[in-house]
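J.: This is the structure, below, for whatever I ask next.
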Number of protein chains: 2
Amino acid sequence: MTEARLLTPSERFDWLRLIRSENVGPVTFFQLLARYGSAGAALEALPEIARRGGRQRALNLTTKAAAEREMKAIEGAGARLVAWGEPDYPRALAAIDDAPPLITVRGQLQLLRRHAVAVVGARNASANGKRFAHDIALQLGARDIVVVSGLARGIDTAAHQGSLPTGTLAVVAGGIDVVYPEENRGLYDEIAERGVVLAEMPVGTVPQARHFPRRNRIISGAALGVLVVEAALRSGSLITARFALEQGREVFAVPGSPLDPRCRGTNDLLKSGATLTESASDILEALAPQLASPLSEPPRRAFIDAPPAIPEESELVEARRQLLEALSPSPVPVDELVRQCQLSPAVVLTILLEFELAGRIERSPGNQVSLL
Amino acid sequence: MTEARLLTPSERFDWLRLIRSENVGPVTFFQLLARYGSAGAALEALPEIARRGGRQRALNLTTKAAAEREMKAIEGAGARLVAWGEPDYPRALAAIDDAPPLITVRGQLQLLRRHAVAVVGARNASANGKRFAHDIALQLGARDIVVVSGLARGIDTAAHQGSLPTGTLAVVAGGIDVVYPEENRGLYDEIAERGVVLAEMPVGTVPQARHFPRRNRIISGAALGVLVVEAALRSGSLITARFALEQGREVFAVPGSPLDPRCRGTNDLLKSGATLTESASDILEALAPQLASPLSEPPRRAFIDAPPAIPEESELVEARRQLLEALSPSPVPVDELVRQCQLSPAVVLTILLEFELAGRIERSPGNQVSLL
């Protein structure tokens, strides 16, 4: 197994500045790294790329001072910044398309090197649902599996409590130091001590509605599979399950009475092919092949290799107009754009990068983009 | 569609005598009919066949007087005797391997000509389970589907109650006139008036434990599919579901909490591939092709054609010894016996018939036989 490498302090600093800059999301981050060879070089190129994408006012780059303040705040919160591909970065998470380039973590970091299963569900869970989540987390822990959840009320809380003694990972939607909901402060403190807390957002970020789906992709991404214990239709847990499917993770669901609205979502997952789960053994059986193999190798991305050639400006002028016409407010797969516009992938990726940095498009899961 | 034919009064009388005779079950009944051309001819041949099978004392044939008494009792119970293949014999039931040659029925017989779905489950059902069974029976009834069940406490009772206004069929384990459990006498009376009651056993039979599995094969056999609402592991409802599978019927199950032992059996069915059912639409969707087509043609069996040749005694002597050796107290498929002993199917069937009438073997579902 290749030893995962550590970033140098200055690389880490540039990574932080780049990912915190305006309009730079994980997909763009890694594309910039691939194109420019390093975060530092990408930072220098950013303003020009955004300008070419049609940006009028200057792009808001994260200043060195701001990055230094965040570094200090992370230390102050008793946390650490871990980069994609470093030894403490969860291997499963590193494999997803839009893996966070940097995460903030706090607690027993060695837990991040173990296999994990997510246990999530309704905030307004039934007493039985909570008991089930607690017990199955305990059973998974007894098999050395780390239990991932979202520190929410209800199922999440029970799952964390059940796995506290053996290994629990709380992925929070805001900053590493922001406890939400407030009633879980005691549990948060226990997890920070005995388990691990993980955040993608900068220290101090108060979670907004839009942060939760982003957080959910990390819950499923960090796990081999996601168990949904109780969930209403159109609930956050079903978003996590959908991410799990997109990421090639197993989805497990606990059956429940059709008369209980909290079981509609889980029963629906079962109808769609989720594995019916009555106890930990259902999960252990389905994940046996993954659990038997060691954690996957540290992943490699193109950015370790030489950056690819960037298309000439002459190639791009007409292509920009074509792509703008093809884009719409409803998300469209990038592959579809390449096919429809009959442009080379390199040209399309270059222009989408410009548009994104200019704030004209937004990326969504499944490698899709939409006009803002 | 071929018009199903009615038996003549004397044929019906002979059928009754034959099926009520000692050691004659449904499979044997139809084999005898196929071999001897009529029930009357089979009755005459019975003592000799049993003797050849090793029977020492005389076989207990049903006397004409006993058959006449039963005919009278059926009339006295306000019931009718319906033969396999007659217009009032449920088409779906006629298609199973061990269909009862004669059934006693009472109530609105036209319901027996409609498509049916069985709804069964735990006697000690939860309030929610009973409510669910009642409501789904009502929904199925609204789509002109007759609901079949077993008149037991709990789920069965709720299913009958929900479908009373539209069409309900109670298959009882004892005689048509024996109400079991006693607390369901009121429901029984209502069903006899507005729905149908069906029995395989003679009038007056008090149901014994061994009658219930036999009854369950009729519940599933009379239906296009079986819905199990709540069921513990190793419960009678799971036997009905197993019969359904053997008979090529659809199996439906309602999901429930893994913490409730009454849902273990149903969740187990879901794991084995039963269709997860939250409402009648799940059933209607899965059965759409069957529901869209008219009831199947009245079935035909070999007994309508000329009887096949019976093997010579010289062929049978050595074969009897071979088969006796191959048989054991654990059930073995008849096909397996044919293969292992390298005998012709005609020889094996002939000898098994002899052994059965002699009381030396017993038939079990899936065309299996075992030594008594």
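J.: Anything in the range B:12-58 that is in contact with a strand residue (DSSP E or B) (Cβ under 8 Å, 6 or more places away or on another chain), of a type outside the set (Val, Ile, Thr) and closer than 20 Å to residue B:87 by Cβ? List them, or say none.
T.: B:12, B:15, B:16
J.: For the range B:326-364, give me the residue count where each residue is among the acidic types (Asp, Glu) and either more than 18 Å from residue B:45 (Cβ to Cβ) or surrounded by fewer than 18 Cβ atoms within 10 Å (Cβ to Cβ) (or both). Before you say what the answer is, go through the steps one by one.
T.: The first filter runs over the range B:326-364 and keeps only residues among the acidic types (Asp, Glu), leaving B:335-336, B:354, B:356, B:362.
From what is left, the residues that are either more than 18 Å from residue B:45 (Cβ to Cβ) or surrounded by fewer than 18 Cβ atoms within 10 Å (Cβ to Cβ) (or both) are B:335-336, B:362.
Number satisfying all stated conditions: 3.
J.: Could you tell me which numbered condition residue B:189 fails, if it satisfies all but one of (1) without any contact (Cβ under 8 Å) to a residue 40 or more places away in the chain; (2) crowded, with 18+ Cβ neighbours inside 10 Å?
T.: Evaluating residue B:189 over (1) without any contact (Cβ under 8 Å) to a residue 40 or more places away in the chain; (2) crowded, with 18+ Cβ neighbours inside 10 Å leaves (2) as the failure.
J.: Condition first: modelled with pLDDT of 95 or more and more than 24 Å from the chain's Cα centre (by Cα). Can you find one or more residues in the range B:302-318 that meet it? Outline the logic, then answer.
T.: Quick first cut of the range B:302-318, residues modelled with pLDDT of 95 or more only: none.
No, that holds for no residue.
J.: Let me ask you something else. Residues of the range B:72-84 being over 21 Å from the mean Cα position of the chain (by Cα), in a loop (DSSP other than H, G, I, E, B) and buried (at least 16 other Cβ atoms within 10 Å of the Cβ), which ones? Quick ask: steps written out before the conclusion?
T.: So in the range B:72-84, the residues over 21 Å from the mean Cα position of the chain (by Cα) come out as B:72-73, B:75-78.
Checking the rest, the ones that are also in a loop (DSSP other than H, G, I, E, B) come to B:77-78.
Within the range B:72-84, B:77 is the sole residue that qualifies.
J.: Confirm whether residue B:114 is surrounded by fewer than 22 Cβ atoms within 10 Å (Cβ to Cβ), more than 14 Å from chain A (Cβ to nearest Cβ), under 19 Å from residue B:287 (Cα atoms) and touching a strand residue (DSSP E or B) at 6+ places or on another chain (Cβ under 8 Å).
T.: On the way: surrounded by fewer than 22 Cβ atoms within 10 Å (Cβ to Cβ): yes; more than 14 Å from chain A (Cβ to nearest Cβ): yes; under 19 Å from residue B:287 (Cα atoms): yes; touching a strand residue (DSSP E or B) at 6+ places or on another chain (Cβ under 8 Å): yes.
Taking the combined requirement at face value, the residue satisfies it.
J.: Oh, and also: So which residues in the range A:41-89 are of a type in the set (D, E, K, R) and under 30 Å from residue A:193 (Cβ atoms), if there are any at all? Steps first, answer last, please.
T.: Here is the first cut: in the range A:41-89, the ones of a type in the set (D, E, K, R) are A:44, A:48, A:51-52, A:55, A:57, A:64, A:68-70, A:72, A:75, A:80, A:86, A:88.
Scanning the range A:41-89 gives A:68, A:69, A:70, A:72, A:75, A:80, A:86, A:88.
J.: Let me confirm something: among A:157, A:166, which residue is under 30 Å from residue A:292 (Cβ atoms), hydroxyl-bearing (Ser, Thr, Tyr) and free of Cβ contacts under 8 Å to residues at least 40 places away in the same chain? First the steps, then the outcome.
T.: Values: A:157 fails: under 30 Å from residue A:292 (Cβ atoms).
One residue alone meets the criteria, A:166.
Residue-by-condition table, conditions (1) more than 23 Å from residue B:36 (Cβ to Cβ); (2) in a loop (DSSP other than H, G, I, E, B):
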{"residue": "B:318", "(1), (2)": "yes, no"}
{"residue": "B:329", "(1), (2)": "yes, yes"}
{"residue": "B:353", "(1), (2)": "no, no"}
{"residue": "B:362", "(1), (2)": "no, no"}
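J.: Only one of (1) within 25 Å of the chain's Cα centre (by Cα); (2) within 27 Å of residue A:242 (Cα to Cα) fails for residue A:338. Which number is that?
T.: Of everything listed in (1) within 25 Å of the chain's Cα centre (by Cα); (2) within 27 Å of residue A:242 (Cα to Cα), residue A:338 misses just condition (1).
J.: Take residue A:69 and decide whether it is part of a loop (DSSP other than H, G, I, E, B), free of Cβ contacts under 8 Å to residues at least 12 places away in the same chain and of a type in the set (D, E, K, R).
T.: Numbers: part of a loop (DSSP other than H, G, I, E, B): no; free of Cβ contacts under 8 Å to residues at least 12 places away in the same chain: yes; of a type in the set (D, E, K, R): yes.
Judged against the criteria, residue A:69 is not a match.
J.: Is it the case that the range A:168-185 has a residue that's of a type in the set (Gly, Ala, Ser), buried (at least 24 other Cβ atoms within 10 Å of the Cβ) and more than 18 Å from the chain's Cα centre (by Cα)?
T.: No, that holds for no residue.
J.: Could you check the range B:275-298 and list, in sequence order, the residues that are crowded, with 24+ Cβ neighbours inside 10 Å and either at the interface with another protein chain (Cβ under 10 Å from one of its Cβ atoms) or out of contact with any Leu (no Cβ under 7 Å at 6 or more places or on another chain) (or both)? Spell out how you get there, then give the answer.
T.: Taking the range B:275-298 first, the residues crowded, with 24+ Cβ neighbours inside 10 Å are B:277, B:283.
B:277 - this is the single residue of the range B:275-298 that is crowded, with 24+ Cβ neighbours inside 10 Å and either at the interface with another protein chain (Cβ under 10 Å from one of its Cβ atoms) or out of contact with any Leu (no Cβ under 7 Å at 6 or more places or on another chain) (or both).
J.: Additional query: I'd like the full set of residues that are at the interface with another protein chain (Cβ under 7 Å from one of its Cβ atoms) and either buried (at least 24 other Cβ atoms within 10 Å of the Cβ) or in contact (Cβ under 8 Å) with a residue 12 or more places away in the chain (or both), limited to the range B:264-274.
T.: Filtering the range B:264-274 for residues at the interface with another protein chain (Cβ under 7 Å from one of its Cβ atoms) gives B:267, B:270-271.
Answer for the range B:264-274, where residues must be at the interface with another protein chain (Cβ under 7 Å from one of its Cβ atoms) and either buried (at least 24 other Cβ atoms within 10 Å of the Cβ) or in contact (Cβ under 8 Å) with a residue 12 or more places away in the chain (or both): B:267, B:270.
J.: Exactly one of these conditions fails for residue B:85: (1) within 14 Å of chain A (Cβ to nearest Cβ); (2) at positive phi. Give me its number.
T.: (1)
J.: So, one more: For the range B:102-117, what are the residues that are in contact with a Gly (Cβ under 9 Å, 6 or more places away or on another chain) and either part of a loop (DSSP other than H, G, I, E, B) or of a type in the set (Asp, Glu) (or both)?
T.: Those that are in contact with a Gly (Cβ under 9 Å, 6 or more places away or on another chain) and either part of a loop (DSSP other than H, G, I, E, B) or of a type in the set (Asp, Glu) (or both): B:108, B:114.
J.: Looking at (1) more than 23 Å from the chain's Cα centre (by Cα); (2) away from chain B (no Cβ under 14 Å), which is the one condition that is false for residue A:153?
T.: (1)
J.: Looking at the range A:96-116, I want the residues that are within 26 Å of residue A:29 (Cα to Cα) and have a partner that is of a type in the set (S, T, N, Q) and not in a helix (DSSP H, G or I) with Cβ atoms under 7 Å, at least 6 apart or on another chain. Which pairs are those?
T.: Here the result reads A:96/A:247; A:97/A:367, each pair linking the range A:96-116 to a residue that is of a type in the set (S, T, N, Q) and not in a helix (DSSP H, G or I).
A quick yes/no check of all residues on (1) β-branched (Val, Ile, Thr); (2) under 21 Å from residue B:261 (Cα atoms); (3) within 14 Å of chain B (Cβ to nearest Cβ); (4) touching a Phe, Trp or Tyr at 6+ places or on another chain (Cβ under 6 Å):
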site: A:219; (1), (2), (3), (4): yes, no, no, no
site: A:230; (1), (2), (3), (4): no, yes, yes, no
site: A:235; (1), (2), (3), (4): no, no, no, no
site: A:240; (1), (2), (3), (4): yes, no, no, no
site: A:243; (1), (2), (3), (4): no, no, no, no
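J.: Out of the residues in the range A:5-42 meeting the condition of being part of a helix (DSSP H, G or I) and among the hydroxyl-bearing types (Ser, Thr, Tyr), tell me which one is farthest from residue A:354 (Cα to Cα).
T.: Within the range A:5-42, the first condition is being part of a helix (DSSP H, G or I), and the residues that meet it are A:9-19, A:26-36, A:39-42.
When the remaining residues are screened for being among the hydroxyl-bearing types (Ser, Thr, Tyr), the result is A:10, A:28, A:36.
Working: A:10: 26, A:28: 10, A:36: 14 Å.
Only one residue fits best here, namely A:10.
J.: Can you tell me which residue in the range B:121-161 is surrounded by the most Cβ atoms within 10 Å (Cβ to Cβ), limited to those that are hydroxyl-bearing (Ser, Thr, Tyr) and not in a strand (DSSP E or B)? Outline the logic, then answer.
T.: Within the range B:121-161, the subset hydroxyl-bearing (Ser, Thr, Tyr) is B:126, B:149, B:157.
So of that shortlist, the ones also not in a strand (DSSP E or B) come out as B:126, B:157.
On the way: B:126: 20, B:157: 23.
That would be B:157.
J.: Could you please let me know if residue B:50 is more than 28 Å from residue B:171 (Cα to Cα) and touching a helix residue (DSSP H, G or I) at 6+ places or on another chain (Cβ under 9 Å)?
T.: So residue B:50 passes the test.
J.: Restricting to the range B:248-263, name every residue that is surrounded by fewer than 21 Cβ atoms within 10 Å (Cβ to Cβ) and either more than 7 Å from every other protein chain (Cβ to nearest Cβ) or β-branched (Val, Ile, Thr) (or both).
T.: So the first thing to find is which residues in the range B:248-263 are surrounded by fewer than 21 Cβ atoms within 10 Å (Cβ to Cβ), and the list is B:248, B:250, B:259-261.
The answer is B:248, B:250, B:260, B:261.
The values are calculated or read from the model by the stated rules, or taken from the named source; none is laboratory data. Since the model is a prediction, treat every value here as computed from it, not as a measurement. Glycine also receives a Cβ, built like all others from the backbone with ideal geometry; neighbour counts cover every protein chain displayed.
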